[in-house]
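Taking it in order: structure first as structure tokens, then the write-up.
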Amino acid sequence: MNANYTASATASIVTPAFTVPAGGATLDLSYYIDTEAPSGGADFGSIRLLDASDDSPLAGGEIAADLQGISVMWINGSFPLPAAANGLEVRSSSVSRVTPIPLPSLVSTLMMSS
């Protein structure tokens, strides 16, 4: 994700489907973010779960919201998955919403632990 986008563009990275253990799990990830505006700006990223059967957003599945700013290095994060995901086949989606100013990016490497 390295380019200029048109106004109100949305870019996403979606993982292959995976099954969340019935007892729950934590999503461990590393991410780097570089938005054109500091916190409170128009550009931001989020991480959410999708139902793998139809790629619809899972109710209560927003894991991280309003990711903004500039990281000078990769950030390690650990987020408990919502109980609504337990036992389901899901996908994780990293989404960047941008204004016409040069690229904000949210790139993540995802790993799940139970």
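Number of residues in region 6-43 that are closer than 27 Å to MET73 by Cα and at pLDDT 75 or above equals 14. Pull out all pairs, ordered by first then second residue, where Cβ-Cβ is under 8 Å, the residues are six or more apart or on different chains, the first lies in region 2-19 and is assigned to a loop (DSSP other than H, G, I, E, B), and the second is surrounded by 10 or more Cβ atoms within 10 Å (Cβ to Cβ) and at pLDDT 80 or above. So the pair list comes out as THR15/ARG91; THR15/SER92; THR15/SER93; PRO16/ARG91; ALA17/ALA52; ALA17/GLU89; ALA17/VAL90; ALA17/ARG91.
A single member of ARG48, ARG97 is among the basic types (Lys, Arg) and at pLDDT 85 or above, and it is ARG48.
The values are calculated or read from the model by the stated rules, or taken from the named source; none is laboratory data. Since the model is a prediction, treat every value here as computed from it, not as a measurement. Positions of Cβ are generated from backbone atoms using ideal geometry, with glycine treated the same way; all protein chains shown enter the neighbour counts.
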